[in-house]
1. What's log10 of I(q)/I(0) for segment 53-150 at q = 0.13, 0.18 Å⁻¹, Debye sum over Cα points only, no solvent?
2. Length gain on complete extension for the stretch residue 64 to residue 37, per 0.36 nm per residue less the alpha carbon to alpha carbon distance?
3. Specify the residue with the greatest mean-square fluctuation among 382, 135, 43, computed from a Gaussian network of the chain linking alpha-carbon atoms under 10 Å apart.
4. If we count other beta carbons within 10 Å of each Cβ, what is the order of 418, 314, fewest first?
5. Distance from the Cα centre of segment 89-150 to that of segment 385-424, in angstrom?
6. When the Kirkwood hydrodynamic radius is evaluated over all pairs of different C-alpha atoms of the chain, what value in angstrom, to one decimal, is obtained?
7. So how much slack lies between residue 141 and residue 100, counting 0.36 nm per residue of separation and subtracting their Cα-Cα distance, in nm?
8. Across every pair of different alpha-carbon atoms, what Kirkwood hydrodynamic radius in Å does segment 57-229 reach?
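Every read-out reported here was derived from the displayed coordinates using simple, explicitly stated rules and does not represent laboratory data. Bear in mind the structure is a predicted one, so any value in this text is a computation, not a measurement. Backbone-built Cβ (ideal geometry, glycine too); neighbour counts: all protein chains shown.
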C-alpha cells in the first residue's frame, strides 16, 4: 500500500507540473500573440503595411522583360572546376596585372560560354525586369539561382576587362551595359537577398566602368553609353522595401523554422514554438529601428553583430542579429550609391576634359548628384595634377568598406578612387 501511495503521489505531482507547464506555455503564447499584434500595428502605422500581397509585382510582357534573357543566360553558363577561381581573381585585377596564363584561361572560359553570353547580352539596354518571385509565399517563396547570377556577372566583368585591354572597346562597353541591366533587375525586387546580389553585380559593373573611364581614348559617345548603363534607381527605396518585405514575411511565417534559423535558434528543444511569436515581435521591432537608420553615413568600420549582446538574453541576441543584417544591407547600399555618384562625376569630368582640353579646378555641380558623399557624410576629394590628369576620391577607407562588404578591400580602389587621364 505504501508503494502505491508513493507512486500515486508521484504521478499526481507529475500531472500537476505538466499542467502548470502547459498553462505557462499557453500564457506565453497568448502574450506572444498579443505582443506580435501590437508591434505589427505600430510598424504598419509608422513604416508601412505588412501585407505580402503588396509586394507582388505586376507582370511584364515577356518581350519587354530583361529576365527573359538573363535567367536562361545565367543558367546556361558552363564552368569547369577552378574556372570561377580564375574568373573571380581576374575581376579584382586590372588587365595590366594579368599574366599570359590568365588571359589564355579566360579565353577558353569565354569561348565555352558563348551561348550564355549571347543570351545575357540580349538584355543589354532593357529597363524593365521582373523575376516573378511569389512574395505572397513569404519565407518559402522560391528565388532565382543567385550564385548563377553572380558567376555570370564575374564573367562579364572579366570579359569587359580583357576586351578593354586589347582595344576592343565595343565589347567592353557591351559588357558594362549588360552588367548594368543585370544589376538593375535584381535591385528592383523587394527581397533583401536579391538586393544584396544586385549590389554585388553593380559593384562589378562600376569596377569595369572605372577601368574604361580611367583609360585614355574615351569618346563623348562612349561616355554617354557608359552613363546610360548605370543603375538609376534611388537605393533608399529598394532598401526600405526589402526591410519591410522581410518583416512582412516574418509575420506571415511566425512559426516556420526559417524564422528561428535566421537568428540561429537560441532556444532549447520544445521552447522554440512557444516563444515564436515573441521572437517575431523582436524581429519586427529590429526592422522598425533599422528603418530609421537607412542610408546613414558610415564613419567607422562596422562592428560584428552580437558580441556586445552575448550576455543580454535572447531578446538582445535577436535584435543584434537582425539589426546587423539590416544595417549591413543599408551600409552596402550607401556604399554603392557613393561609388555610383563618383562614376557620374568622373564621366562628367572626362566630358569636360574632352570638350575644353582640361579638367575644371573644382568639382562641377551635377543635377541629381549631391555635393556630400552619402557614405562619409562629407565632401569628396578632388585634385587636378600638374600633368593635366585628375584624381577623384571618396574619403572613406579600405577598412570601412572591408567591414561593409566582406572581401571588399580588393574593390576599394575600383569603386572609390578614379584616376582620370590627361587629354593627349
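1. Log10 I(q)/I(0), no solvent term: -0.61, -0.93.
2. On the way: separation 27, 0.36 × 27 = 9.72 nm, distance 4.09 nm.
Length difference between fully extended and current span is 5.6 nm.
3. Between 382, 135, 43, it is 382 that shows the largest mean-square fluctuation.
4. By the 10 Å Cβ count, ascending, the order reads 314, 418.
5. When both Cα centres are located, 24 Å separates them.
6. Details: mean 1/r = 0.0419 Å⁻¹.
After inverting the pairwise mean of 1/r, the radius is 23.9 Å.
7. Additional length available on full extension: 10.3 nm.
8. Roughly 16.3 Å, rounded to one decimal.
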